[in-house]
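These notes concern the structure reproduced below.
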C-alpha cells in the first residue's frame, strides 16, 4: 500500500513538473518576440515629419538632429499603455547620456499634444514628445501597426521601436518588434553607441 501511494505521488509530482516546464517554455517563447521588418530602410533618408510637440509647436527633424544624429523612439501611448510609460521612463534615465554623445532625443506616438504634455510634466521628462495624430508621418515611415484598421479605436499606433539617424538624417539602425512587451533597452543602446565613439 505504501509503495502504491509513493508511486502515485511520484507520478503526480512528475506530471506537475512537466506541466510547469511546458508553461514556462510557452511564456518564455511568448516574450521572445523577434525583430520585424518595418520602418524606414537602413541607408534611406528619413522622410519629412509632420508632427506637433507636446506644446503644439510644429516640429521638423532638423530641430531634433544634433551633431551625431538623433534617436527617435516610437511608442503606442502615454495615456493607456503601461509598457510605453515604463519605456519612456527608461529613456529619461539615458536621454542625457545620449545628448552628451551628440544625439538628439525624441519620442513619438499618436497621442494628442495635451496627453503628451501632461505625461511629460508629471514624469519631468528631459526630451520632447511628438504627436502624429493624423498618422501621416507614421505612414511615411512605415511604422503603422497593421493589427488596427481605420475606424478601430487604436488605429494609428506605431509598432514600438527605435530609429537612429545620422546627422544628415540617414537611417543607420532600427529596432522594431511585433509584440508590445519587448522594447529596446536604452542602457544597452547607450553602451553600444559609446563603444562606437
Counting only C-alpha contacts under 8 Å and six or more residues apart, can you give the relative contact order of segment 105-150 as a whole percent? 42
For a quick protection proxy, order the peptides 166-172, 134-140 by their average other-Cβ count within 10 Å, most packed first. 134-140, 166-172
Diffusion coefficient in µm²/s returned for segment 30-134 by Stokes-Einstein, Kirkwood Rh over C-alpha pairs, 4 °C and 1.567 mPa s, is 89
When all alpha-carbon pairs of segment 43-89 are counted, what percent fall beyond 12 Å? 73
With the cut-off at 17 Å, report for segment 150-194 the share of all Cα pairs above it, as a whole percent. 49
Work out how much length residue 50 to residue 80 would gain on full extension: take 0.36 nm times their residue separation and subtract the Cα-Cα distance, in nm to one decimal. 8.5 nm
Please list, by residue number, everything in segment 88-103 whose backbone N is under 15 Å from a paramagnetic label point 7 Å out along Cα→Cβ of residue 196. 98-103
What number do you get for segment 51-196 when its Cα radius of gyration is normalised by 2.2 N^0.38 Å, N = residues? 0.97
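Just so you know, all these numbers are worked out from the coordinates, no wet-lab data involved. Keep in mind that what you see is a predicted model, and the values were worked out from it rather than measured. Glycine also receives a Cβ, built like all others from the backbone with ideal geometry; neighbour counts cover every protein chain displayed.
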